[in-house]
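These notes concern the structure reproduced below.
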Amino acid sequence: MVLTDLRQGQKAVITNLAITNEVVKQRLLHMGMHEGEKVCVKCVMPFGGPVMVEVDGQYICLRRKEAACIGVR
């Protein structure tokens, strides 16, 4: 399952950060998005827009392409 499979309000635990762009991956790691962290989907924008998630008390907006590379359970 990936982050984009979750609906608004659902919670999960990050299992895999398979983002190919190393700069984006490092930036997410610096913001607290590590494997084993709890994540909650706060808002999903329509028409393929970004996904807003809460990780460790921070709100982070991700492109769907990047959110689809983050494995959760």
Return the pairs, sorted by first residue and then second, in which the second residue is polar (S, T, N, Q) and crowded, with 17+ Cβ neighbours inside 10 Å, the first residue lies in the stretch 43-56 and is in a strand (DSSP E or B), the beta carbons are less than 8 Å apart, and the residues are 6+ apart or on different chains.
V51/T4
For residues in the stretch 1-42 being outside any strand (DSSP E or B) and among the polar types (S, T, N, Q), which is modelled with the lowest pLDDT?
T20
I'd like the residue in the stretch 50-73 that is in contact with a strand residue (DSSP E or B) (Cβ under 7 Å, 6 or more places away or on another chain) and basic (K, R) and, out of all such residues, is surrounded by the most Cβ atoms within 10 Å (Cβ to Cβ).
R64
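The values are calculated or read from the model by the stated rules, or taken from the named source; none is laboratory data. Given the structure is predicted, the values throughout are model-derived calculations rather than measurements. Using ideal geometry, Cβ is built from the backbone for each residue, glycine included, and neighbour counts are taken over all protein chains shown.
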